[in-house]
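For reference, the structure discussed in these notes is given below.
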Amino acid sequence: MHHINSPELLAGVSTISLEIVEDLPEVDVIISPIGGGSAAVGHCLVAKALRPKVEVIGVQARGAPAVYHSWRERELQTAGIATTAEGLATGQAYYTAVKTFIDRMDEMMLVSDGEMRQAVALLLRAAHVVAEESGAAATAAAVKLRERLAGKKVAIVVSGGNMTLDSLRRVLLDA
């Protein structure tokens with residue numbers, strides 16, 4: 001059984017949404033990375049239950065778009081994996097996540113590895129946060145959507161601190 005089908009995991013990661021709404025009660029938008037989709041499912045269920053008008057935007061790596069294509073096509077898809085963002089390197093979509101996204105996710109988008117690397121550098125420079133590429137995917141999406149998000153209260157989920165020194169060096173050399 002894949003972890004996305006685990007009620008315990010979904011309950012645990014859903015607490016992220018609870019914390020967002022408690023800390024930022026007037027949140028307008030939550031942007032979350034999507035690998036298998038468990039955390040983003042939590043945002044679609046919990047955040048929207050507590051704040052029905054919140055917009056949830058999911059972000060997947062352009063080099064591993066199985067969930068994105070499943071959401072758009074409204075049926076499960078598989079896709080090749082060609083990304084350095086290990087946490088988003090999902091070659092197949094899972095029913096629980098995709099069904100929830102079809103019913104409740106407002107938007108889903110793809111970001112490139114280069115955009116994620118730029119977001120890693122931005123997070124390091126601006127917030128002094130070290131995130132791996134997959135953890136910086138939501139930040140990359142926010143940068144792409146900055147004009148549309150202007151004036152809104154936005155929660156950007158930064159997850160994944162598994163950045164190795166070699167990976168960080170490569171990102172910083174590109175920055």
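A few points about this structure:
- Look at the dipole of the chain built from charges on Cβ: of 60, 88, 141, the Cα furthest out on the positive end belongs to 141.
- Selected from 49, 12, 105, residue furthest toward positive end of dipole (the chain; charges at beta carbon): 105
- Added length on full extension, which subtracts the Cα-Cα distance from 0.36 nm per residue, residue 104 to residue 50: 18.1 nm
- Dipole magnitude of the range 53-122, debye to nearest 20 (Cβ charges: Lys/Arg +1, Asp/Glu -1, about Cα centre): 80 debye
- Protection-proxy order for peptides 127-136, 35-44, each taking the mean of Cβ atoms within 10 Å per residue, highest first: 35-44, 127-136
- Label point of residue 76 set 7 angstrom out along Cα-Cβ; within the range 35-61, amide nitrogens under 16 Å from it belong to 36-38.
- Net length available on complete extension from residue 174 to residue 8 is 55.8 nm, with 0.36 nm assigned per residue and the Cα-Cα distance removed.
- Under 5 Å from the amide H of residue 30 lie the amide H atoms of 55, 56, 57, 155, each residue being 5 or more positions distant or on a separate chain, with H modelled from the backbone and absent for Pro and chain starts.
- Surface per residue (accessible, 1.4 Å probe) for the range 1-119, Å²: 46 Å²
- Note on the chain: with charges restricted to the Cβ of Lys and Arg (+1) and Asp and Glu (-1), its dipole about the Cα centre is near 320 debye.
- Accessible surface of the chain [probe 1.4 Å, protein heavy atoms]: carbon and sulfur percent: 52 percent
- Taking a ≥ b ≥ c as the square roots of the eigenvalues of the alpha carbon gyration tensor, the range 1-73 is oblate, as a/c is not under 1.5 and a/b does not beat b/c.
- Fully extended contour minus Cα-Cα distance, from residue 165 to residue 89, at 0.36 nm per residue: 25.3 nm
The values are calculated or read from the model by the stated rules, or taken from the named source; none is laboratory data. What you see is a predicted model, and the numbers here were worked out from it, not measured in a lab. Counting neighbours? That spans all protein chains shown, and the Cβs are built from the backbone with ideal geometry, glycine included. These accessible areas exclude ligands, DNA and RNA; they are computed on the full protein's heavy atoms, side chains included. Shrake-Rupley method; radii C 1.70, N 1.55, O 1.52, S 1.80 Å.
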